[in-house]
1. Out of all the residues in the range 386-409, is one or more of a type outside the set (Phe, Trp, Tyr), open to solvent by 40 Å² or more (accessible area, probe 1.4 Å) and modelled with pLDDT of 95 or more?
2. Looking only at the range 187-203, filter to residues that are open to solvent by less than 60 Å² (accessible area, probe 1.4 Å) and β-branched (Val, Ile, Thr); which one of those is farthest from Leu275 (Cα to Cα)?
3. List every residue pair whose Cβ atoms sit under 7 Å apart, with the two residues 6 or more apart in sequence or on different chains, where the first one lies in the range 311-338 and is on the phi < 0 side of the Ramachandran plot and modelled with pLDDT of 95 or more and the second, anywhere, is among the polar types (S, T, N, Q) and assigned to a strand (DSSP E or B).
4. With respect to Ile85, determine if the residue is farther than 20 Å from Gly429 by Cα, in a loop (DSSP other than H, G, I, E, B), open to solvent by less than 30 Å² (accessible area, probe 1.4 Å) and at pLDDT 95 or above.
5. Mind listing whichever residues of the range 343-358 are in contact (Cβ under 8 Å) with a residue 40 or more places away in the chain and either among the small types (Gly, Ala, Ser) or under 24 Å from Arg319 (Cβ atoms) (or both)?
6. Within the range 245-268, take every residue that is of a type in the set (Gly, Ala, Ser) and open to solvent by 20 Å² or more (accessible area, probe 1.4 Å) and give me the one that is nearest to Asp163 (Cα to Cα).
7. Of all residues in the range 289-306, count the ones that are more than 35 Å from the chain's Cα centre (by Cα), of a type in the set (Val, Ile, Thr) and not in a helix (DSSP H, G or I).
Amino acid sequence: MSVAIIPKPVFMQLEEGSTGFTLHNGCTLKDETNTDGIFDDLCFFLGEKFGYVPLGGSEDGIFLFFSDKPIKSEGYEIDCRDGKINITAASAAGLFYALQTVKQLLNHNTSVPCLIIKDEPRFSQRGFMLDVSRHFFTVECVKLFIDAMAIHKLNRLHLHLTDDQGWRFYSESFPLLTLIGSERPFTALDRIPHRGFFSTDDIKEIVKYAHSKYIMVIPEIDIPGHCAAALTAMPSLSCAEKAAEVSTSFGVKSYCLCMGKDETYGFARRLTEELIQLFPDGEIHLGFNDIPFDEISRCPVCRRRMEENGLSDARQLARHFFDEITSGYDDIKFTVWKNGRQENRTGFIDSSAPYNIGADYSENSLKNCYSYSPNQKADGAEALLFSEYISTFEKAGYLMFPRLAAVSENAWTKEENKDYSAFLNALPGYYSLLRLYGLPYADKKQANPAFFKKTGLKIYSDIIRKLSESNK
């Protein structure tokens, strides 16, 4: 019997001479670690898949232990024999990831063969970036994305909260940002008005739900560029008080926060403080990409700031701005975009183009996504779902899956253990797990670039591109 798991474990071996485990209503789920809620996700799976509610009382079942052996913090071991699945790990997160593997084992059949699994992640940081600015996704949708992350053993939700096309979280200090900046009159994609933002309670709900799946949440406000939505609400913060509108099209814009004004520094500093309070996981993403340096160089207020601080050009001014608004937060990791990486003072996350899972399959194939190996010096890898042309959860799922599985295997599985053919063979069981959680996906045929060439089906069609460009 072959058993396929995504992402592929470090070691898995079928054992002979002993029985495995068979699920039934009377089996026991016992947590010897007293980790609150650790079985909740598995119980949901068992109820949805089989209608089972483990009642306990029998000697067979699934048993959780903290290990006294040297296991990495997110690693785990599974020993399935004699009617029991014994799981050991060094942390609650390790137990949770082990139970994700158990879900896949049971997803094939109610009986699990006698086997041994020893597993640990390749990278400590395994992320998914969700762009809720270009198109907004509700709290319930975000929770579905979090469910998907858990299945893939990902542990970092990067929320891209602001951009030219919309401001998506409520600021108590600057309520105009959502009152004005969260709405646009239409979208170049479909000519339909678009609006939405997260309240403070929404953010707390998302963070709490993510933490229940051992996922940290990294918020991103994109500054000083990508700020058309913010400057529509607060035009005095722009260079020369340049008038702005929430963008209805996509692509890089010339709007920028004026880094010469004291008011801008106070604005950015206050927003940073709010994010730190709302998102307690110790990392804030500040964007700092696609900055319109020519615009800044023409601004007399920015030039005066450069002269006063001995700065030679607009790039140095941007560095000065970053240093000023992040100083004094020694316990916070500040991250920025840079050349396909997300860099901070201690390292970087590899989020190169092959991990753009919002692109058309004809532009970034499943094989291309799987074959790209993260930089060995990186702290981790992250899949990116930019939502310019993704207006529905169904379309998001179609583009994400199975490419998120490809990224997750790159982030979890050691390079020498990867096998694209085995990965493809594991997809049927993987798809059935996605269906259980109500997650849409592209099947192997639809995820093939040749399918698009044959049918003419494209997410990024030439018509959409031309329409977007005509409304810039």
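The values are calculated or read from the model by the stated rules, or taken from the named source; none is laboratory data. The structure presented is a predicted model; accordingly, all values stated were derived computationally and were not measured. Note that each Cβ is placed from the backbone with ideal geometry, even for glycine, and that neighbours are counted across all protein chains shown. Accessible surface is based on the protein model in full, side chains and every heavy atom, while ligands, DNA and RNA are left aside. Shrake-Rupley method; radii C 1.70, N 1.55, O 1.52, S 1.80 Å.
1. Let us first name the residues in the range 386-409 that are of a type outside the set (Phe, Trp, Tyr), namely 387-388, 390-392, 394-397, 399-400, 402-409.
Of the ones still in play, those that are also open to solvent by 40 Å² or more (accessible area, probe 1.4 Å) are 391-392, 394-395.
Going one step further and asking which of them are modelled with pLDDT of 95 or more, we end up with none.
For the range 386-409, residues of a type outside the set (Phe, Trp, Tyr), open to solvent by 40 Å² or more (accessible area, probe 1.4 Å) and modelled with pLDDT of 95 or more: absent.
2. Among residues in the range 187-203 that are open to solvent by less than 60 Å² (accessible area, probe 1.4 Å) and β-branched (Val, Ile, Thr), the one farthest from Leu275 (Cα to Cα) is Thr187.
3. Thr335/Gln342
4. Criteria not met by Ile85.
5. Filtering the range 343-358 for residues in contact (Cβ under 8 Å) with a residue 40 or more places away in the chain gives 344, 349, 351, 355, 357-358.
Those that are in contact (Cβ under 8 Å) with a residue 40 or more places away in the chain and either among the small types (Gly, Ala, Ser) or under 24 Å from Arg319 (Cβ atoms) (or both): Asn344, Ile349, Ser351, Gly358.
6. Once the filter is applied, the top-ranked residue is Gly251.
7. Counting residues in the range 289-306 that are more than 35 Å from the chain's Cα centre (by Cα), of a type in the set (Val, Ile, Thr) and not in a helix (DSSP H, G or I) gives 0.
Per-residue answers, yes or no, for (1) among the acidic types (Asp, Glu); (2) at pLDDT below 95; (3) closer than 15 Å to Phe393 by Cα:
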position	(1), (2), (3)
Ser133	no, no, yes
Val139	no, no, yes
Phe145	no, no, yes
His152	no, no, no
Leu157	no, no, no
Asp163	yes, no, no
Tyr170	no, no, no
Leu176	no, no, no
Leu179	no, no, no
